[in-house]
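The block underneath contains the structure these notes are about, expressed in structure tokens.
The values are calculated or read from the model by the stated rules, or taken from the named source; none is laboratory data. Note that the structure is a prediction, hence the values are computed from the model and not measured. Note that we place each Cβ from the backbone using ideal geometry, even for glycine, and neighbour counts take in every protein chain shown. Quick note on the areas: whole protein, heavy atoms, side chains included, nothing else; ligands and nucleic acids left out. Shrake-Rupley method; radii C 1.70, N 1.55, O 1.52, S 1.80 Å.
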Amino acid sequence: AGEAVRGFDIDPEVLVVAAERSGLAPAATLGECVGGATLVFVCTPIPDLPGLVSEILRRSSDAIVSDVGSVKSHVMAGVAGNAEPADLPRYVGGHPMGGSERSGPGHASASVLDGVVWVLTPAPDVPESSVARLSAWVEKIGARPVRMEAERHDRLVAMVSHLPQVASTSLMGLAAAEEAGEPEILLLAAGGFRDLTRLAASSPHLWSDILLANGDAIIRAVDLYVERLTR
């Protein structure tokens, strides 16, 4: 999209691979990465987001700071509790609804955001100009910004994203445990089983954080799913 991009990662080897694959300029430190930036995207596990977003808000006086966490209420509450009140109008929660079950720059795809919905969950005190700047950038790279309240986002993704992950992992675990003495079981697994269990290859560490952060909404979704299966 013609933007100059810097990146930072606590794992130098990951940063090197990311830079080679994407063309971003690797930064040696977090401060070097965010200094003078106009937009900053924080892409870490959910437990690290509130503290890191707050630190970046302090380090960058003009940047709009967003995150890509798949749970918004938990993260936004953490940022509000950690950041300086004067910095909060520059924070806009976000969640691009793209990706796959694979992690890391080795599985990156240039088309991962093409046409995807990118949810934005600004707090009520965030000025419209900040949201508009971020929305324009999201559109520039080919995604579709959709504004939504954080609680509503978490309730809906529990049903259409988090529940499928739980169901997929549970099905794979069930087949592996109950039919452990049947080595040929996967020979009989056709496309339907592969489609339903693809998500089971996702990072367990990443998904543990997501399930804990959105637990109430996911429990409700699982209960409704069990009720439907019983019927």
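Would you confirm whether or not segment 47-64 contains a residue that is touching a Pro at 6+ places or on another chain (Cβ under 8 Å) and surrounded by fewer than 21 Cβ atoms within 10 Å (Cβ to Cβ)? Show your work before the answer.
Narrowing segment 47-64 to residues touching a Pro at 6+ places or on another chain (Cβ under 8 Å): none.
Within segment 47-64, none of the residues are touching a Pro at 6+ places or on another chain (Cβ under 8 Å) and surrounded by fewer than 21 Cβ atoms within 10 Å (Cβ to Cβ).
If Arg102 passes every condition in (1) crowded, with 20+ Cβ neighbours inside 10 Å; (2) of a type in the set (Lys, Arg); (3) under 24 Å from Leu24 (Cα atoms) but one, which one does it miss?
(1)
Can you tell me which residues in segment 1-15 are buried (at least 16 other Cβ atoms within 10 Å of the Cβ) and not aromatic (Phe, Trp, Tyr)?
Passing the criteria: Arg6, Gly7, Asp9, Leu15.
Are there any pairs, at least 6 apart or on different chains, whose C-beta atoms fall under 9 Å, with the first in segment 122-138 and acidic (Asp, Glu) and the second open to solvent by less than 50 Å² (accessible area, probe 1.4 Å), and if so, which?
Qualifying pairs under 9 Å: Asp125/Leu88; Asp125/Pro89; Glu128/Pro122.
Restricting to segment 128-159, what's the tally of residues that are open to solvent by less than 50 Å² (accessible area, probe 1.4 Å) and either in contact with a Cys (Cβ under 6 Å, 6 or more places away or on another chain) or not in a helix (DSSP H, G or I) (or both)?
Residues meeting the conditions: 6.
Output the qualifying pairs, or none if there are none: Cβ atoms under 7 angstrom, residues six or more apart or on different chains, first residue in segment 163-177 and more than 13 Å from Leu224 (Cβ to Cβ) and in a helix (DSSP H, G or I), second residue among the β-branched types (Val, Ile, Thr) and open to solvent by 40 Å² or more (accessible area, probe 1.4 Å).
Hits for this filter: Ala175/Ile185.
Can you find a residue in segment 95-106 that is at pLDDT below 95 and at positive phi?
Yes, there is a match, as at least one residue in segment 95-106 is at pLDDT below 95 and at positive phi.
Please list, ordered by first then second residue, the pairs with beta carbon atoms under 9 Å, 6 or more apart or interchain, first in segment 80-92 and at pLDDT 95 or above and crowded, with 17+ Cβ neighbours inside 10 Å, second polar (S, T, N, Q) and part of a strand (DSSP E or B).
So the pair list comes out as Tyr91/Ser66; Val92/Ser66; Val92/Thr121.
Scanning segment 16-27 for residues that are in contact with a Pro (Cβ under 9 Å, 6 or more places away or on another chain) and over 16 Å from Ser109 (Cα atoms), which turns out surrounded by the fewest Cβ atoms within 10 Å (Cβ to Cβ)?
That would be Val16.
Kindly indicate whether Val71 is more than 22 Å from Lys140 (Cβ to Cβ), open to solvent by less than 60 Å² (accessible area, probe 1.4 Å) and touching a residue at least 12 places away in the same chain (Cβ under 8 Å).
In short, yes.
Hey, can you tell me all the residues within segment 160-179 that are closer than 15 Å to Ala201 by Cα, surrounded by fewer than 15 Cβ atoms within 10 Å (Cβ to Cβ) and not small (Gly, Ala, Ser)?
Leu174
Using beta carbons and a limit of 9 Å, which pairs, at least six apart or on different chains, have the first residue in segment 190-213 and modelled with pLDDT of 90 or more and the second one of a type in the set (S, T, N, Q) and not in a helix (DSSP H, G or I)?
Correct list of pairs: Ile210/Ser70; Ala213/Ser70.
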